[in-house]
Amino acid sequence: MNNKSEKLSKLTQTAILAALCFITFTFLQIKIPIPGGGDMTSIHFGNVFLVLAALLLGGFYGGMAGAIGMTIADLMDPVYILVAPKTFILKFCIGLIVGAIAHKMAHINETNDKKYVFKWSLIASICGMAFNVVADPVVGYFYKRYLLGQPAEVAEVLAKLSAGVTFFNAVTTVIIATLIYSALRPILIKSNLLIDYKVKSSKNLK
């Protein structure tokens, strides 16, 4: 695959994964109202395809897929429209973290050792979601308190509830994204669709 076709393939996969982030966040979502605040948090599966995108495409393109997909979802939902900028930044950062660990540190596209790939895809997913568990409620508090002007009590209640929901989302994301990636990776290799894959022979598959 030459550079031009590789870039086109990467952009196409980014667009597909952004669409999947949008669809899963929009339609596979359970909204949870915040008592007395007129606000909501949610259980959703949008982060699954964000992490999957970062494992498949690297941090930048994976982060952009998640950031674009879920930011558009926020912009189309009156409940979340005001937090769309926060969504874009945090989702992009998650992608960068997952991609950096999986590809810059572990170089998972340079081996066919299934155990090694599974271990590092799992570690990368955990690190990305651990960042989100901490950053989402903290950034959310300051964003709502100082940029949106919500009362401190409301912002604090939202941050606390968001922390618990975000942790649940993180656990499900790590499990599902890692399993999907492990199942999808061999198929993409055989189809010559795993971009940046550098192993020339499949003889080393374990």
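The values are calculated or read from the model by the stated rules, or taken from the named source; none is laboratory data. The shown structure was predicted, so the numbers you read here are calculated from the model rather than taken from an experiment. Reconstructed Cβ throughout: ideal geometry from the backbone, glycine too, with neighbour counts over all protein chains shown. Ligands, DNA and RNA are excluded from the accessible area calculation, which covers all protein heavy atoms including side chains. Shrake-Rupley method; radii C 1.70, N 1.55, O 1.52, S 1.80 Å.
At 1.4 Å probe radius, can you tell me the per residue accessible area of segment 67-133 in Å²?
45
Can you give the angle from 0 to 90° between the axis of helix 84-99 and the longest principal axis of the chain, with both taken from C-alpha atoms, to the nearest 10?
On a 0 to 90 degree scale, this one is about 30.
Picking from 140, 183, 164, whose Cα lies most toward the positive end of the charge dipole for segment 136-194 (charges on Cβ: Lys, Arg +1; Asp, Glu -1)?
Checked the options; the winner is 183.
Give me log10 I(q)/I(0) at q = 0.18 Å⁻¹ for the chain, Debye formula, one equal scatterer per alpha-carbon, no solvent.
For the requested q values the scattering log ratios are -1.17.
When the accessible area of segment 120-206 is computed with all protein chains present and a 1.4 Å probe, what percentage of it is carbon and sulfur?
70
Give me the angle, in degrees from 0 to 90, between the Cα long axis of helix 46-57 and the longest principal axis of the Cα atoms of the chain, rounded to the nearest 10.
Roughly 30 degrees between the two axes.
What is the angle, in °, between the Cα long axis of helix 152-190 and the longest principal axis of the Cα atoms in the chain? Nearest 10 is fine, range 0 to 90.
Orientation of helix 152-190: about 10 degrees from the principal axis.
With the dipole of segment 25-151 worked out from charges on the C-beta (+1 for Lys and Arg, -1 for Asp and Glu) around the Cα centre, which of 54, 28, 103 lies farthest toward the positive end?
Final value for the positive-end residue is 103.
Let me know the charge dipole size of the chain about its Cα centre in debye, to the nearest 20, where only the beta-carbon of Lys, Arg (+1) and Asp, Glu (-1) is charged.
940
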